[in-house]
Amino acid sequence: MTTVYIRMKKIGFFSLLCLSSFFHVGQAQKVWTLQECIDYALTNNIQVQKNKIAVQTAEQNLIASKAARVPTLSASSNQNVAWRPFSQQTINLTNGTMTTSQSLVNYNGSYALSGNWTVWNGGRIGKNIEKNKYSQRIAELETEQTANSIQEQIAQIYIQILYENEAVKIDSANIKVAEMQLARAKERVNVGDLAKVDVAQLEAQLTQDKYALVSAQAQLETYKLQLRQLLEIHGDEPFDVAIPTVSDESVLAAAPSKASVYEAALGNRPEVESGKLGIVSAQLDKDIAKASWYPSISANAGIGSSHSSGIHTGAFKQLKTNMSNTLGLTISIPISDQKQTKTAVQKAELAIRNSELNLEDTRKQLYSNVENHWLNATTAQQQYIAAKANVKSMQESYDLISEQFRLGLKNIVELTVGKNNLLQAEGQKLQSKYTALYNLAMLRFYQGERMRL
């Protein structure tokens, strides 16, 4: 009884240790879903962070332009000491009494408080405020553009990982089949039913299959590395992605029409709104340039005083006596500026036209992207249907050839041809499957949905 209890304790401790090790391994080897990759990248990607800083900079520019409406106020003080080592004696006559003095050091100070306020400058201040509002919004849209671009890159690499992962499975299964065929061939050689040269060919084919597996595994790791870099994940911690089950329903889902996707994209894609705001911003630049033709009015006010040594009056009394107040209005009327304003206005008009062309080019590129994704999706779906049937046919043919080869009714060349046909069919099926999946996801994304497979 005691022995059983001790053994149970050992087994319990061993099980706990295994569970603990499994728990830690599970924690270290986190698998990332597509949405987790996207969320992490949008927070940690360096380019996104730079765009956010640009938004904050634009916000500060807006604050500064609004502050231009507030009067400026400044205080100043000037303190001077004069030293006259060779000063001559002076005689002062005060109330019939003669006094003499000889001042070698003389000190004086002045103090001023002044303010300036731009009353009118052709509406430049208001236009600058309005332009900086649009600039801030454009900076926000550029951040959204970067975020969209990163999501599209992540989706593309993620799809490639799924593709290569399935390719590795297929190559691994092919190696197992090749090893079984090689073992059977060696048995036939032992009984004199097959030449050694055929076994050598099977061994060479097995080597090629193993090389294909290593290449697929290397490509899989390369795409995982690219995804890590895009997510700004550094270091040696394990990294892997979650492999979802991809059903035929998701691959063959109905693709939305090109027109509906394009219309939705025109309303939600940040590059389109940014292009529109770019035109408005360029028009404001023209208004700001034209403001230089108009008169400008500014008001100023100030108060100041001073005191000096060598005068038989206290400093505070001098400050009171010397106090002066000023109030002024300045009107500036432009007459000739060497065509600076005229050329600035013409450049602004060219910038407006360039912004209009940029928007037109953005819309054309957007339609081209939608059209390409739609064509690739629908074409790949048709290819996938045909590829599935082809794989089934090639698999049946290869199974029949393999059985006939085992019975000695088919030679090694026919077996190799059948296997290559099956591999080619499986490759076409994989290619069409994930091409359709990616392009369908992109069409939904252009419609305004979140990125999903």
Expressed in µm² per second, the diffusion coefficient of the chain from the Stokes-Einstein equation, with Rh the Kirkwood radius over alpha carbon pairs, at 20 °C and 1.002 mPa s, is 68
accessible surface per residue for segment 170-233, probe 1.4 Å, DNA/RNA/ligands not counted, whole Å² -> 57
Here the relative contact order (percent) of the chain, from C-alpha pairs under 8 Å and at least 6 apart, is 21
For residue 450 the rounded accessible area (nearest 10 Å², probe 1.4 Å, non-protein molecules ignored) is 150
Projecting the Cα atoms of 293, 324, 205 onto the charge dipole of the chain, where Lys and Arg contribute +1 and Asp and Glu -1 at Cβ, the residue farthest towards the positive end is 324
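Of all alpha-carbon pairs in segment 242-367, indicate the percentage at a distance above 21 angstrom.
71
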Heads up, segment 185-264 by the C-alpha gyration tensor (a ≥ b ≥ c square roots of eigenvalues; a/c under 1.5 rounded, else a/b over b/c prolate, else oblate) looks oblate
Taking every alpha carbon pair in segment 220-273 and sorting the distances into 5 angstrom bins from 0 up to the bin holding the longest one, the percent per bin comes out as 4, 13, 14, 10, 9, 18, 20, 9, 3, 0
Per residue, accessible area of segment 357-436 with a 1.4 Å probe, heavy atoms of protein chains only, in Å², comes to 55
For the chain, the accessible surface attributable to carbon and sulfur atoms (probe 1.4 angstrom, ligands and nucleic acids excluded) amounts in percent to 56
Nearest-0.05 FRET efficiency for residue 258 and residue 350 at R0 = 60 Å, using Cβ-Cβ distance, is 0.95
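The values are calculated or read from the model by the stated rules, or taken from the named source; none is laboratory data. Here the structure is a predicted model, which is why all the values come from computation and not from measurement. Here the Cβ is made from the backbone with ideal geometry for all residues, glycine too, and neighbour counts use every protein chain on show. Note: accessible area is taken over every heavy atom of the protein model, side chains too, but ligands, DNA and RNA are not part of it. Shrake-Rupley method; radii C 1.70, N 1.55, O 1.52, S 1.80 Å.
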